[in-house]
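K.L.:
Let me begin by handing over the structure; questions about it come next.
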């Protein structure tokens, strides 16, 4: 509720004039017809609550401040208040108005002849409130979205919010309580940490920061996304067990940070012209990574147990992916893998006609004519997933796998394949040990274990369903 305090000279003040002036001034800032509030995820987005399901956690990001406290609603002082006219007890000032430049009431003067108040309505050019009422066509009222009060905002301008992006609708009759989180192109889940590639070409990471795997120059864990230092124009990312790697648009070397690299990105020797990168995610196995170079060559580095780095003879590759101790490439539709094979993750039959591959844990999968075929986890024979058709992308984690289909659904499997409604509409998925992340509606969402804040919602509470990552642009 909006309160106004106006200082009067009490000497000789007529009670009727005072009551009339007060009533009109209060009416001028009343909000009798507050516009409808809309939230993109259907939840109450009031300040101080958030983190899950798209709501804002005001605990650390802030839910907005009272706009009136910053002179956005009205000027707390008065101008030319004048003195009481002793002859008739009415207000003697003709301009006891609040300064319109501060969003207040203009020309709310007391007429000495009748004790009334003239022009008590707010000038729509100054405050957006017409005729002392809350006109939904002119005012954008944001009470429940961060305490902005009776401010008038033009479409597309921001009010108080966690990221400064509570937006007015084009017709000014409603306000979207979108917290203004960054738009995300891709996500990658590592071992107790996660990263996102934003549409502006920068990278944010959150969670466990041992060895500097968050890339922000430090080693302090963060339950909220932090910016990776000195890295722009990024085209792809891959979070591994101990490190994160990325490639930039226009070629150049792959960059990595974390164990063995440092707390900020550094270029990797031998990867000039990299167009794709993939890093191993298993913590307890010495790590390795591979980059796909322009021209189709594959360059791998790191630990070489089981020969997982290969012999450098792969050419003509279109895609690469590495698992715990295996590495794979897609070459003219044929899947070729090398490295460890103790769980059959290299396969015992050549898979051809593939459009995509994904290696993770001790399993490898491929998309073949819209179907998903997987091998490993104790079965070296490629097996077609039941009920999955029209697959366009696939991710493989520790014990599970997910496929995005052309019908805008997501099918996931641990012991069997089934649709996951909460991931419907996802445009990218990444799975790791204990948690996963997806891009849904252009925003990053994560679920699963949340130790070290790996889900990015500002807490360490495990979430069984996809939870919005609190990531400001």
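Here, each number is a calculation from the coordinates, and none is a lab measurement. Just so it is clear, the model here is predicted, and its values are computed rather than measured. Glycine gets a Cβ as well: all are built from the backbone with ideal geometry, and neighbour counts include every protein chain shown.
K.L.:
Looking only at region 433-471, filter to residues that are within 18 Å of residue 181 (Cβ to Cβ) and surrounded by fewer than 17 Cβ atoms within 10 Å (Cβ to Cβ); which one of those is nearest to the chain's Cα centre (by Cα)?
P.N.:
442
K.L.:
Just give me the residues in region 418-432 being surrounded by fewer than 23 Cβ atoms within 10 Å (Cβ to Cβ) and touching a residue at least 60 places away in the same chain (Cβ under 8 Å), in sequence order.
P.N.:
428
Conditions (1) part of a helix (DSSP H, G or I); (2) surrounded by fewer than 20 Cβ atoms within 10 Å (Cβ to Cβ), marked per residue:
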{"position": "188", "(1), (2)": "no, no"}
{"position": "196", "(1), (2)": "no, no"}
{"position": "206", "(1), (2)": "no, no"}
{"position": "211", "(1), (2)": "yes, yes"}
{"position": "215", "(1), (2)": "no, no"}
{"position": "219", "(1), (2)": "no, yes"}
{"position": "235", "(1), (2)": "no, yes"}
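K.L.:
Separate question: Among the strands (runs of 3 or more DSSP E) confined wholly to region 296-378, which include 3 or more residues that are surrounded by fewer than 24 Cβ atoms within 10 Å (Cβ to Cβ) and free of Cβ contacts under 8 Å to residues at least 24 places away in the same chain?
P.N.:
On the way: elements: 298-302, 317-322, 326-331, 334-339, 354-360, 363-368, 371-376.
Filter on region 296-378 gives an empty set.
K.L.:
State which residue is nearest to residue 281 (Cα to Cα) when the search covers only region 379-400 and only residues that are buried (at least 21 other Cβ atoms within 10 Å of the Cβ) and under 24 Å from the mean Cα position of the chain (by Cα).
P.N.:
Top of the filtered list is 397.
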